[in-house]
Every structure is written in structure tokens, then in C-alpha cells.
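Rule-based calculations on the coordinates, nothing more; no lab input. Source: prediction; values computed, not measured. We place every Cβ from the backbone using ideal geometry, glycine too, and count neighbours over all the protein chains shown.
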């Protein structure tokens, strides 16, 4: 049953957020003042003369915009044991995030960050999600949560502290409130045993145990993990059916033998050549994950495979370092900026590097911006690495969509290419499964693309030529040209995802924009 106290806490947070929308500009100003005051006695604050900062202009004059790499000196000093480095408050936990490169970041986080920024953001998001999935909490015991993996082997930093992903952090216990309990974390399959070390085996453990239950919901958050699951299921099919027949996991007894279910799944696999998610869980109703950026290309196919009655419940936009935007489904509004969580600034990616960053109220509809945050853990004027596109305004606050990763070294951003690929697919009624790009030289971009229908070499070559032409005619074509277009076989990006997980990267951190490796069987078209 749904916990009434959780519903009440979510509704209260939602009401507070909505009531403050009209005062967002003042809230942002107050947030900056408070964040600067909080950090005056930190090493970072003293290095940047926070005692002399009286306004936004002074803050900007003394604190440059920095990417993660330029915070490393302060992070290393924190890990070495020096107190009050980035923030005057003690470190509550060290978060792990992969960023755009796959290398794990170390993110010192304070309790205040969770109390003021993340926890309220989560409660508002959960209340909103209930408008699309009213049974999300009620069916918690029938939820397969891939984000939750608390018993996974934890990294230990030089100071002896654990380096945790959000999937390993029990906020409900840490903050003594049931309202922060995620759906699906009290099920028989929620926590793979610590002795199961390989992440692919941990995923299989959850699948194996949950296969004997009527799972109605999947919580994945990261869409790359959700999208990988159907292929993982089919790859695990023989192992799963053998385990069900014998009642085992990894050769040990796990449950009573279930030959009836094993036989039903074998019949389903024989009948179509592969095992589908709906063969295991025919009553699935929803999947919770991000659905923007590159994910908007491959998630529709996943929903169709599960069945037309399965819906995608979009997760809010956030990074390990900061909330960004959330959906207000009762108001039928997507992507409202989290104006009350952290202080925001924005770089207009098409205005050149000399233009000063913009404030929240200065954004324009249709603009594409790199996000800069100043937050409670001491990351001040931190260039987050995410791009957003402004889609409109709700009660004066910008509404945004995720538009990819931001790379200052690239003249072509992911957001630019997303528009070209959407238009190309729409005008030719072609379904693109995934793609990635690399900027090889100044003005030259190489593209790797995977189509859903596995075209033969002749058709692949024709599409690559068409894409060359479409790119040249787009706004991107005025400044860049496609150097090499590589059409890869269906499943290529999944194999890249699987290889990274097998190499030890946490599944929740593997992004959907992978730098695909060339293969001998690829069809290549080179522009003269």
C-alpha cells in the first residue's frame, strides 16, 4: 500500500515549489548570497576573497567558471583530510559520477546539499511522476529498480572514505524519512549479494529473482541501461531458463524449481527466435527513465517491444552535482528549471566565448545553453557539462529539454547534431537507434550511426550519402562538414555498452553517447 506520509511529504514539496515560481528571480539572488556567506571560511572562499564579495558582479569578478578538472586541487586536498576546503561544512559523502568521459569523478557532498537541493527536488519529482503513474508507490513491491544497488563493492578513497554512486546511497536511512524510499528497494531482488562482483552478473541476479514475480514497473533513470536490458535478457535466456528449471543461481539453490515457467519461456523463445521482456513480465505498465537527447531515438522502440500499454515516465533532469529541471505533470509541463535548488548561470553556446554568462531570467526560447551551477557543497561557478534548450516558460521560469553534453573543445555541440538527425529521420521515415560523433579536425566531424532496420550495404551507403547532403544543407553545414559516416550493424552500441560494464564501469554511469569503434564490416562513405 502507498505510504500516506510519503504522499503528504511529496505534495507539500510540490506545492512549495509551484508557489515560488513567480518569485524565482528573487530566490536565485537570495540563494547566491547565502551560498557565498556559507563558504566565506572555506579554503575556496578565502582563496577567492569571499569576504569582499557584495554582489553578483563581485562574485563573477573573483570566481572564474571552471570545469571539474579545475576543482581537482581542492578535491584532492579534501580527500587528503584537510577540513573546510570547498565548503565550510564537513563532507557527508563522496559521490561518484562518470561525466562525459567515463572516468569516475570524486564529488564531495555536504548534508546541506541534500537537505536544501536534492531531497526537495526528489520529492517534487516523485509527486509529479504519480500524476503519470498513480500506482508507482502502490506497486513498489512489483518494481525492478536498476538504479538501486547498495551492496555493490564500494571504492575506498585515500582518506578511507567510501566513494559511492547514487545507487549505493540510502537517503531514507541517512535522513530518517520514509519519504525518500525509492520504489522497488524492498523486494526480494532489490539488492544483489556483495559476493556477486561482476556488474553483468548483478543485473542477471535481479532478473533471475524477479522473473518469478509479476513485475509491473522498471526504474532505470539512465536510459542506456534500460535500453540494454532487452538484449541482456535475450543473452541471458538459456542461463535463466536453466536456473528456473533447477531453482538455482550460480549453481546454488535459490528457490524451488520452476519447470513450468522455464518451459513457457523456452516456447516463447523458440516461437520468435528471441526472448522478450513481455514474455517474462506480460503485465508491465511503465518504465521510469530519462527520455530526452539521444534517448529519444531509441526509447520508442523499447516501449513498442514491451507492448503499447507500457508508458515511459520521464525522470527529472539532474546530475550527481546538481538538480537541473523537473517535470510538473499535474500542470502538463515538462522541464521546469529547479530555481530553488542551486544558483544557475548559462553559457550561450552559439554566442561565442566572450559573452558573459546569463542568469535564469535572461534565457530565451529556442536558445541552447551550457549549465553553470553554484551549489551547497562548494562547487561554485561549476561548468556542469550538460546542454539544455529552452522550450518555453512556466510562470516566468524557463522550461528546458536536455540537449546533450557540452564540450568546450568542440565547435559542434551534440545539441546541434540532434536537430539534424531528427529532421533526417523524420523526412525519410527512417528509425535511428543510436549515434555518436567525433570532431576529428577543425570543422570536420565523423559520425557513427545505427539504424533500427539493419539496412544492407547498398542501402546503408545510400543513407550515408543522403545524410551527408542533409548535413551540408543544415545550419551545421555552414561551419562544419561530415568527414566520415560509419553505418554500424544493429546491436553495435549495445556491445559497446556491455564492454564498458564488463570492464568495471557501473551500469548507471555508462552513457548512451559512446565513441563507437570501427569494424571491418562497417559501410563507410568518405566525402572527397
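Quick check: residue separation of residue 153 and residue 461 times 0.36 nm, minus the Cα distance between them. What number comes out in nm?
Numbers: separation 308, 0.36 × 308 = 110.88 nm, distance 4.54 nm.
Computed gain between residue 153 and residue 461 is 106.3 nm.
When a/c reaches 1.5 or more, the comparison of a/b and b/c decides; with that in mind, is segment 140-284 rounded, prolate or oblate per its Cα gyration tensor? Walk me through the numbers on the way to the answer.
Working: a/c = 2.03, a/b = 1.76, b/c = 1.16.
Prolate is the answer for segment 140-284, as a/c is 1.5 or above and a/b outweighs b/c.
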Here the relative contact order (percent) of segment 140-284, from C-alpha pairs under 8 Å and at least 6 apart, is 23 percent
Heads up, segment 293-375 by the C-alpha gyration tensor (a ≥ b ≥ c square roots of eigenvalues; a/c under 1.5 rounded, else a/b over b/c prolate, else oblate) looks prolate
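For 205, 369, what's the fewest-to-most ordering of other Cβ within 10 Å of each Cβ?
On the way: 205 18, 369 28.
Final ranking by Cβ density, sparse to dense: 205, 369.
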Plugging the Cβ-Cβ distance of residue 61 and residue 438 into 1/(1 + (r/R0)^6) at R0 = 35 Å yields, to the nearest 0.05, a FRET efficiency of 0.45
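What shape does segment 217-365 take by its C-alpha gyration tensor, where a ≥ b ≥ c are the square roots of the eigenvalues and a/c under 1.5 counts as rounded, a/b above b/c as prolate, and the rest as oblate?
Working: a/c = 3.03, a/b = 2.78, b/c = 1.09.
Prolate is the answer for segment 217-365, as a/c is 1.5 or above and a/b outweighs b/c.
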Exposure-ranked with fewest Cβ neighbours within 10 Å first, 249, 146 stand as 249, 146
For 278-289, 148-159, ranked highest to lowest by mean beta-carbon neighbours within 10 Å, the order is 278-289, 148-159
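What order do you get for 371-382, 160-171 when each peptide is scored by the mean count of other beta carbon atoms within 10 Å, highest first? Numbers along the way, then the final one.
On the way: 371-382: 24.4, 160-171: 17.5.
The packing order, highest mean first, is 371-382, 160-171.
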Full extension between residue 278 and residue 23 adds, at 0.36 nm per residue less the Cα distance, a length in nm of 87.2 nm
The chain: antiparallel bridges as % of DSSP beta bridges, rounded to 5, reads 70 percent
Per the 1/(1 + (r/R0)^6) rule, R0 = 56 Å and r from the Cβ atoms of residue 49 and residue 253, FRET efficiency to 0.05 is 0.30
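If you average the sequence gap of Cα pairs under 8 Å that are 6 or more apart and divide by the length of segment 1-147, what percent do you get for the contact order? List each step's numbers first, then the result.
Values: 116 pairs, mean separation 40.7, N = 147.
Across segment 1-147, relative contact order equals 28 percent.
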What helix-only [θ] at 222 nm does the chain give? Using -39500 (n - 2.57) per DSSP H run of at least 4, over all residues, to the nearest 500, the answer is -10000 deg cm²/dmol
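Under the definition of Cα pairs under 8 Å and six or more residues apart, what whole-number percent is the relative contact order of segment 414-526?
Values: 148 pairs, mean separation 33.3, N = 113.
The normalised contact order for segment 414-526 reaches 29 percent.
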